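Q: Supplied in structure tokens, the structure appears directly below.
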Amino acid sequence: MLVAVTRPISPAMTRCELTHLTRSPIDLDRARQQHREYERALTEVGCRVVTLPEEPDLPDSVFVEDTALVLAECAVITRPGAVSRRPETTAVEQLLAGHRPRWRIEEPATLDGGDVLRVGRALFVGLTGRTNAAAVHQLRDRLAEWGYDVRGVPVVGCLHLKSAVTEVAAGTLLINPAWVGREHFPGFDFLEVDPAEPAAANALRIGDRVIYPAEHPRTRDRLVAAGVEPRLVPASEVAKAEGGVTCCSLVFEAPDRPDR
Ligand code: CIR
């Protein structure tokens, strides 16, 4: 079955890292309500939600996606680009120890999971303020034995590759072409975000379902017109921390073991 690892909103979230946005007040109660709704959506689309303990001193710890990349064959523990986020990997690595052989991204490489878009055996890796070329090389070297094709992709204007592009249906990418070029994804079909909603390219596809923020109605209409009926979730508070729907879970196949 599919497991979705999540972590609660930290009480320190108001001190989160910010790169492209100016700080605006995060309503922690509302953020927690929205996170519960997100977890309900994960359950609805077929995941068993496993929640790690809260991290009161790690402001960005709800964004578990950035701490690991879980593939069928192994789990890659990242070395997050923001120094404040590096301690987040410890609890995630412990949990993943029960599921996959693990290896770590090592200095001088930095990698945030939000920069990795996996489509089949292709791993598109955003070159951003958080993820560098050394990480692309380490991924390529370590994953070649399983046939992964690891490609570095330049990204400008946003935090992570998956802020700019995600897969919303087999072979179809939802993209903001101002932040990442289509030419890096040969053979795909594209759906562009509405120009009034630049942050609307982050969708979470699980099986044939798509979890999508309720705050981007124009792009949602484009998805629906293209035959994608998203499960909407309110995500206004994580958006103030430059997070979206992919960032708040790590989803992977695991045997059905109710104990973990
Ligand atoms: C950060 O700057 O690291 C957090 N405030 C937001 C991380 C969002 N993660 C993601 O898009 N994968």
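We did not get these values from a lab; they are worked out from the coordinates using the rules stated. Every value quoted in this text rests on a predicted model; they were computed, and no experiment measured them. Quick reminder, even Gly has a Cβ in these numbers, built from the backbone with ideal geometry, and neighbours come from all protein chains shown.
Q: So, in region 121-153, of the ones that are within 16 Å of the ligand (Cβ to nearest atom) and touching a Ser or Thr at 6+ places or on another chain (Cβ under 8 Å), which residue ends up nearest to A82 (Cα to Cα)?
A: So the residue we want is R130.
Q: Within region 61-90, which residues are away from the ligand (no atom under 11 Å from the Cβ), in contact (Cβ under 8 Å) with a residue 24 or more places away in the chain and either in contact with a Leu (Cβ under 9 Å, 6 or more places away or on another chain) or not in a loop (DSSP other than H, G, I, E, B) (or both)?
A: A68, L69, V70, L71, E73, C74, A75, V76, I77, R79, P87
Q: Next up: Out of L58, L42, which single residue is within 22 Å of E93 (Cα to Cα), more than 12 Å from the ligand (Cβ to nearest atom) and out of contact with any Gly (no Cβ under 9 Å at 6 or more places or on another chain)? Steps first, answer last, please.
A: Values: L58 fails: more than 12 Å from the ligand (Cβ to nearest atom).
Answer to the selection: L42.
Q: Hey, any hits in region 156-165 for a residue that's surrounded by fewer than 20 Cβ atoms within 10 Å (Cβ to Cβ) and without any contact (Cβ under 8 Å) to a residue 60 or more places away in the chain? Can you show your working first?
A: Filtering region 156-165 down to residues surrounded by fewer than 20 Cβ atoms within 10 Å (Cβ to Cβ) leaves 156-157.
Right, trim to without any contact (Cβ under 8 Å) to a residue 60 or more places away in the chain and you get 156.
Yes: region 156-165 contains one or more residues that are surrounded by fewer than 20 Cβ atoms within 10 Å (Cβ to Cβ) and without any contact (Cβ under 8 Å) to a residue 60 or more places away in the chain.
Results for (1) closer than 24 Å to E55 by Cα; (2) within 17 Å of the chain's Cα centre (by Cα), shown as yes or no for each residue.
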{"site": "V83", "(1), (2)": "yes, no"}
{"site": "E93", "(1), (2)": "yes, yes"}
{"site": "P101", "(1), (2)": "no, no"}
{"site": "D112", "(1), (2)": "yes, yes"}
{"site": "F124", "(1), (2)": "no, yes"}
{"site": "T128", "(1), (2)": "no, yes"}
{"site": "A133", "(1), (2)": "no, no"}
{"site": "V156", "(1), (2)": "no, no"}
{"site": "L159", "(1), (2)": "yes, yes"}
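Q: Let me ask something else about it. I need a count of the residues in region 13-52 that are surrounded by fewer than 17 Cβ atoms within 10 Å (Cβ to Cβ) and farther than 26 Å from A254 by Cα.
A: Final tally of qualifying residues: 16.
Q: Let me ask something additional. Could you tell me which numbered condition R32 fails, if it satisfies all but one of (1) under 26 Å from P198 (Cβ atoms); (2) part of a helix (DSSP H, G or I)?
A: (1)
Q: Counting just the residues of region 100-120 that are surrounded by fewer than 19 Cβ atoms within 10 Å (Cβ to Cβ) and within 17 Å of A75 (Cβ to Cβ), which one comes out nearest to the ligand (Cβ to nearest atom)? Walk me through how you get there before you give the answer.
A: Step one: filter region 100-120 for residues surrounded by fewer than 19 Cβ atoms within 10 Å (Cβ to Cβ), giving 100-104, 106-108, 118-120.
Next, only the ones that are within 17 Å of A75 (Cβ to Cβ) stay: 100-104, 106, 118.
Numbers: R100: 20, P101: 24, R102: 20, W103: 20, R104: 18, E106: 20, R118: 13 Å.
Checked region 100-120; the qualifying residue nearest to the ligand (Cβ to nearest atom) is R118.
Q: Continuing with the same structure: If you scan region 156-175, which residues turn out to be of a type outside the set (S, T, Y) and out of contact with any strand residue (DSSP E or B) (no Cβ under 7 Å at 6 or more places or on another chain)?
A: Result: V156, G157, C158, L159, A169, A170.
Q: Can you confirm whether V180 is surrounded by 13 or more Cβ atoms within 10 Å (Cβ to Cβ), assigned to a strand (DSSP E or B) and either touching a residue at least 24 places away in the same chain (Cβ under 8 Å) or more than 16 Å from the ligand (Cβ to nearest atom) (or both)?
A: Answer is no for this residue.
Q: Testing P186 on (1) within 26 Å of A135 (Cα to Cα); (2) surrounded by 21 or more Cβ atoms within 10 Å (Cβ to Cβ), one condition comes back false. Which one is that?
A: Among (1) within 26 Å of A135 (Cα to Cα); (2) surrounded by 21 or more Cβ atoms within 10 Å (Cβ to Cβ), P186 violates only (2).
Q: With the requirement that a residue be among the hydroxyl-bearing types (S, T, Y) and within 16 Å of the ligand (Cβ to nearest atom), what does region 154-177 give you?
A: Selection gives S163, T166.
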